[in-house]
Structures are given as C-alpha cells and as structure tokens.
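Any read-out appearing in this document is the output of simple, stated calculations on the displayed coordinates, not a laboratory observation. Remember, it's a predicted structure, so these values are computed and weren't measured experimentally. FYI the Cβ positions are ideal-geometry reconstructions off the backbone, even for glycines, and counts take in every protein chain you see.
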Amino acid sequence: MIDVIIIGAGPIGMACAISAKENGLNYVVIEKGTLVNSLFNYPLNMSFFSTSDRLEIGNIPFISQQPKPTRAEALEYYRRVASSKKLKIKLYEEIISISKLKKGFKLKTIKSDYSTKTIIIATGFYDFPYLLNIPGEKLSKVKHYYSEPHPYFGMDLAIVGSANSAVDAALETYRKGAKSVTMIIREKEIGDNVKYWARPDIINRIKEGSIIAYFESNLKKINTDSILIKSPNKEFSIKNDFVLAMTGYQPNFALVESLGVKFKNDIYKTPVYNLQNMESNIKGVYLAGVVCGGLKTNKWFIENSREHAPKIINNIVSELDKFSQG
Ligand SMILES: Cc1cc2nc3c(=O)[nH]c(=O)nc-3n(C[C@H](O)[C@H](O)[C@H](O)COP(=O)(O)OP(=O)(O)OC[C@H]3O[C@@H](n4cnc5c(N)ncnc54)[C@H](O)[C@@H]3O)c2cc1C
C-alpha cells in the first residue's frame, strides 16, 4: 500500500511530492493531463504577476530573464524540477473512481489500480469555466480559454468580463490586429483587482475608443455572425466573428465530494479543512493549493500555498505510525 497519492501535478501537487520524497514516503502523483497542465493552458504570451523566486518549490532556484517569469520559463522550470528531483508522476492518467477501504483508499484510474493510506487533492481550479448559459454558447466561435492573438487578426472580437484575463486578451488582440475588440462588462468600471500596470492601459484604450466597452451590460445571445448585447437602456446587435468568454473558472468539486469532504455554509463553497495540517473532515484526505479556496479561486495561489506541502507531509509522517499500529 502506497503512503500517499497526490492528485494533480500542478506546482502545489509537485511541492507535496518533493516533500513526501524528502521524508521517505512512498508516494505517487496522478495527473489527468500534462505536467503543470493549468500553466500549460495559460495564454502563450502571459507573464506571472509573482516574481520567479515566489514560484519556487523544493528550494530549487527559479531564474528568469525578467523579475516576473513568462509561461515558457515556468514550464521549463517545473519540467526541470520534476526531472531533477526524479518525481514519480503518472501523466495522462485519469481517475475513474475512489473508494474508501476499512483502512485507506482504493483508486482506479484508466491505467491502473492503487491502494493508498492517504490522499492529497491538489486539483486546482482551471478545468471548469463558468458558462454564460445563453443561446449560442455552444457555437465553435465561443472560447472559454484565450491562448494567443493570431486567430483574431482581422476579426470582430467580443470579450466578456473585465478581470485580468479579459483585460490581457483585449489589449493583446487589439495590438495584434483584431478588426474590432468589444468588451461586455457587468460592472460599472474596470475593477481594482486588475494588475496595476494593465489597468491604466485598458482604461485609456477604452477612453480613446480603440477598444469598445459596454459597462453594466450582458451578452444575451450569440449568433453565427452577430451578438445581442443588453445595456442599461437598450438591447442591440453588433457584428461578431468570435467570443472570448473570460468569466472565470471553478474547481472540480466532484472528486472532493465523492470522498465525503464537507463544505462550509458560505457563498464560496469552501471545503472543510484544518488550516494547521490541511486535513479535511475525512481522515487521511488532505487538500492543497488553490482548490482549498472553493469558488474563491484567488484566495490561494502558488506563492501563498506552497506552504501547504510541508504542513501536510509532516502530518502524514506523524499519522502513519498510528496507521501501521492499527
Ligand atoms: C493567467 C494566470 C496567471 C497567474 N499568475 C500567477 C502568479 O503570478 N503567481 C501565483 O502565485 N499564481 C498565479 N496564478 C494562479 C496559479 O497559477 C494557481 O493558483 C496555481 O496554478 C495553483 O496551483 P495548484 O497546483 O493548486 O493547481 P493547478 O496548477 O491548477 O494544478 C492542478 C492540476 O491538477 C490536475 N487535475 C485536476 N483534476 C484532476 C483529476 N481529477 N485527476 C488528476 N489530475 C487532475 C490538473 O490537470 C492540473 O495539472 C495565475 C493564474 C492564471 C490563470
């Protein structure tokens, strides 16, 4: 029986693996996609808001050209960490089921069966976009992830949302030759949470009319060549080729729920865990990384959740003695 299975090979799952290895635990990381799958799906030209030292795990220095690293540098860094630390990571291995044994847990994946004494859930938040739930959302021109500006060259593009990802996409596509960029924004203005260097840029582009923004507005319907917008005093259609729905993402609660983890009675659906050791209400099931925030996906990020790894592994080490004693 394995000591600990870590679900998710994001930065925090990897930090847990390093800590488990350093403490002599028998561990394995199960990842449904590629290594640091969420980061891999971030926009190609993005830069992190954190400086590289704050994204380091396992005390391995992260050197980047500029203080804030790019996506490519982060992918290179985490690949090097995985290989130099010889981490046991099973990639592209989706979990089919998890069941509780009298002692420990049984995991069935598309490739193998495992039994483990403990589980760490480090599954992040980037797999499930919030849907608009409007007619036309299923059209292939509607995207919930933004990768790069090139496909939007010469196109009429609508962007829903005004958080960092929406603002970055609007500025980049405008500068790389989109025919028109229209932002549809629920709020009255661009929020304070937008990165301090991007906020004045987007506000000025909107003021000068280079990027069109409809505030206090919603997208009502998406057609093949147009969209219907509802603003405070009117509903109107504009020409449209692509819609980027940058409306945020939510964690996959199914896995957490299937293990019997409870949630607080709050608007964020925060899972129940002990902040001292990150153990959930289910003995032997730990939560790590951004998944701990529930729907408040900006509460935990790489910088501030790296510390979950030693907390969890120290607790597992102390509890394993009891496990073997019965
Ligand atoms: C554009 C952008 C910029 C960001 N910049 C920063 C920054 O500068 N600094 C910072 O600290 N944070 C930043 N963040 C946030 C940060 O990336 C996340 O908080 C971080 O990735 C959390 O790490 P994690 O390991 O908890 O989750 P993730 O990185 O999301 O990793 C979770 C992993 O679990 C896998 N997984 C999910 N479900 C399953 C399953 N059922 N079975 C197996 N595997 C599964 C996923 O494929 C993924 O690889 C940024 C986020 C975005 C979107």
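About the Cα centre of segment 131-245, what is the dipole size in debye to 20, counting +1 per Lys and Arg Cβ and -1 per Asp and Glu Cβ, all else neutral? Before the final figure, lay out the partial values.
On the way: 17 positive and 14 negative charges, 37 e Å.
It comes to approximately 180 debye.
By how many nm would the segment from D225 to S324 lengthen if fully extended, with 0.36 nm per residue of separation less the alpha-carbon distance?
Length gained between D225 and S324: 29.2 nm.
Under 5 Å between amide H atoms, partner at least 5 residues away or on a different chain: which partners does T109 have, H built in plane at 1.01 Å?
I96, Y114
Report, by chain and number, residues whose modeled amide H sits under 5 Å from the one on S226, excluding near sequence neighbours (fewer than 5 apart, same chain).
The list, which skips near neighbours in sequence, is N240.
Which one, K176, K102, K117, has the greatest fluctuation when you compute a Gaussian network model over the chain with C-alpha springs under 10 angstrom?
K102
Sketch the reach of a paramagnetic label on V317 as a point 7 Å from Cα along Cα-to-Cβ, and name the residues of segment 1-18 whose backbone nitrogen lies under 17 Å away.
3-5, 15-18
Give me the net charge of I134's neighbourhood, meaning all other residues with Cβ under 12 Å from the Cβ of I134; Lys, Arg count +1, Asp, Glu -1. Write down the numbers at each step before the final one.
Numbers: positive: K138, K220, K221, K230; negative: E137.
With Lys, Arg at +1 and Asp, Glu at -1, the neighbours total +3.
Can you pull a Stokes-Einstein diffusion coefficient for the chain at 20 °C (1.002 mPa s), Rh from Kirkwood over Cα pairs, as a whole number of µm²/s?
Numbers: Rh = 21.3 Å.
Answer from the Stokes-Einstein relation: 100 µm²/s.
In whole Hz and in residue order, list the ³J(HN,Hα) couplings for segment 276-283 that follow from phi through the Karplus curve 6.51 cos²θ - 1.76 cosθ + 1.60, θ = phi - 60°; x for Gly and Pro.
Once θ is set to phi - 60°, the couplings for segment 276-283 become 5, 10, 6, 7, 7, 5, 9, 4 Hz.
Would you mind estimating how fast segment 112-205 diffuses translationally, via Stokes-Einstein at 25 °C and 0.890 mPa s with the Kirkwood radius over Cα pairs, in µm²/s?
Details: Rh = 15.7 Å.
D = 156 µm²/s.
Give me the distance between the Cα centres of segment 123-164 and segment 275-326, rounded to whole Å.
33 Å
For K264, give me every one of the lysines with a C-alpha distance below 22 angstrom, ignoring sequence neighbours fewer than eight places off in its own chain.
Within the straight-line cut-off, K264 pairs with K283, K296, K299, K311.
Taking the Cα-to-Cβ direction at N133 and at N304 and moving 7 Å from each Cα, how far apart do the two end points lie in nm?
Each label point lies 7 Å from its Cα, and together they span 2.9 nm.
Kindly write out, for segment 251-265 in residue order, the coupling ³J(HN,Hα) from the Karplus curve 6.51 cos²θ - 1.76 cosθ + 1.60 (θ = phi - 60°), rounded to whole Hz, with x marking Gly and Pro.
Along segment 251-265, the couplings run x, 7, 7, 4, 5, 4, 5, 5, 8, x, 5, 8, 10, 5, 8 Hz.
Let me make sure I get this right: for segment 43-167, a, b and c are the square roots of the gyration tensor eigenvalues over alpha carbons, sorted descending. Under 1.5 in a/c it's rounded, otherwise prolate if a/b > b/c, else oblate. Which is it?
Details: a/c = 2.62, a/b = 1.29, b/c = 2.04.
Taking the square roots of the gyration eigenvalues as a ≥ b ≥ c, segment 43-167 is oblate.
With Cβ to Cβ distances under 13 Å as the rule, what net charge do the other residues near M1 carry (K, R +1; D, E -1)? Don't skip to the answer; put the middle values down first.
Details: positive: K102, K103, K106, K117; negative: D3, D113.
Value of the local net charge: +2.
Would you mind ranking I96, I185 so that the residue whose beta carbon has the fewest other beta carbons within 10 Å leads the list?
Lowest to highest Cβ neighbour count: I96, I185.
For segment 45-53, in order, what is each residue's ³J(HN,Hα) by Karplus, 6.51 cos²θ - 1.76 cosθ + 1.60 with θ = phi - 60°, in whole Hz (x at glycine and Pro)?
Working through the residues one at a time gives 9, 6, 10, 5, 7, 8, 6, 4, 4 Hz.
Just to be sure I understand: with springs between alpha-carbon atoms less than 10 Å apart, which residue in S226, S140, S64 has the highest mean-square fluctuation in the Gaussian network model of the chain?
With Cα springs under 10 Å in the chain, the top fluctuation among S226, S140, S64 is at S140.
Quick one: length gained pulling Y268 to R80 fully straight, 0.36 nm per residue minus the C-alpha distance?
On the way: separation 188, 0.36 × 188 = 67.68 nm, distance 3.50 nm.
Going from the current span to full extension adds 64.2 nm.
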